[in-house]
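Worksheet for the structure shown next.
The values are calculated or read from the model by the stated rules, or taken from the named source; none is laboratory data. These numbers come from a predicted model, not from an experiment. When we count neighbours, we look across all protein chains shown, and the Cβ atoms used for this are built from the backbone with ideal geometry, even at glycine. Remember, those area values only see protein heavy atoms, side chains included, never the ligands or the DNA or RNA. Shrake-Rupley method; radii C 1.70, N 1.55, O 1.52, S 1.80 Å.
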Amino acid sequence: NDITRLYSPLLKELCLVLFLHSLMGRHGISSEKANELLWPGRSVKDAKNNRSVNIVKLKNILDKTGAYTLLKENDKWVFHFDNSDILVDLQEYLHLLEHTCPTDSAGIARIAAIVKRGAFLQETEYSWLDKFKADISAKAIPLLTHFLENNAAPPELVIDICDCILNFDSLCEEAVMFKCKALVTLRQHASAKKIYTSFIAEYEQIYGESFEMEYTKVIEQC
């Protein structure tokens with residue numbers, strides 16, 4: 001059942017604040033910090049009332065999803081889903097990043113299957129969220145790039161991995177090179193040239209200078 005319509009913009013942000021601050025080595029978020037992020041400029045009393053009301057609303061929605069924990073530990077709000085009952089792709093992704101070695105093609109393929117759906121919360125913008133997005137891409141790009149550089153993977157998997165990297169960084173030169181060469185291996189020359197042409201146009205727009213490597217050198221480089 002799709003329950004996303006039950007989330008107001010504020011409840012969505014509250015849920016993300018509580019959940020993300022309970023992941024990736026973080027141990028929850030204090031009421032004061034939550035107030036600062038969600039109700040800046042409000043009095044302590046007003047912010048506390050808003051927080052209390054909206055946490056009750058959030059719990060009512062979460063009760064429809066299954067097992068979860070939302071409690072206060074050491075003056076911090078801690079929020080976890082029960083992994084045995086609820087699948088959270090972000091939790092699976094972070095687990096894979098932690099436990100997948102650069103030669104594990106099955107683990108890498110699973111990471112690619114998650115990430116190729118799109119960048120993390122790509123249509124959601126909050127100033128506090130930027131750090132989380134940066135941390136998630138910073139963990140993935142070195143692992144995926146190392147795999148490409150040190151393993152002879154099928155071109156289809158190479159393309160999936162490159163798409164993952166490009167979701168995080170559209171100007172990653174290594175990902176563009178590997179993807180172009182994989183497409184050429186599949187005899188998709190027009191697609192490879194289109195990827196390269198699009199890349200150099202964006203590169204010039206962002207950096208104000210031309211990309212130095214010609215197309216023929218790109219597909220020979222990897």
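Overview of values
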quantity	calculated
Selection count where residues are closer than 30 Å to residue 11 by Cα, of a type outside the set (Gly, Ala, Ser) and touching an Asp or Glu at 6+ places or on another chain (Cβ under 9 Å), scope the range 130-167	1
Neighbours by Cβ (under 7 Å, 6+ apart or cross-chain): first from the range 1-27, farther than 20 Å from residue 125 by Cβ and open to solvent by less than 60 Å² (accessible area, probe 1.4 Å); second among the charged types (D, E, K, R) and outside any helix (DSSP H, G or I)	3/64
The range 129-163, residues that are in a loop (DSSP other than H, G, I, E, B) and surrounded by 15 or more Cβ atoms within 10 Å (Cβ to Cβ)	151, 153
Members of the range 28-56 found to be among the small types (Gly, Ala, Ser) and touching a residue at least 24 places away in the same chain (Cβ under 8 Å), listed by number	28, 30, 31, 34
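For every residue, the table says whether it meets (1) open to solvent by 50 Å² or more (accessible area, probe 1.4 Å); (2) at positive phi.
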{"residue": "165", "(1), (2)": "no, no"}
{"residue": "169", "(1), (2)": "yes, no"}
{"residue": "179", "(1), (2)": "no, no"}
{"residue": "186", "(1), (2)": "yes, no"}
{"residue": "202", "(1), (2)": "yes, no"}
{"residue": "208", "(1), (2)": "yes, yes"}
{"residue": "211", "(1), (2)": "no, no"}
{"residue": "214", "(1), (2)": "yes, no"}
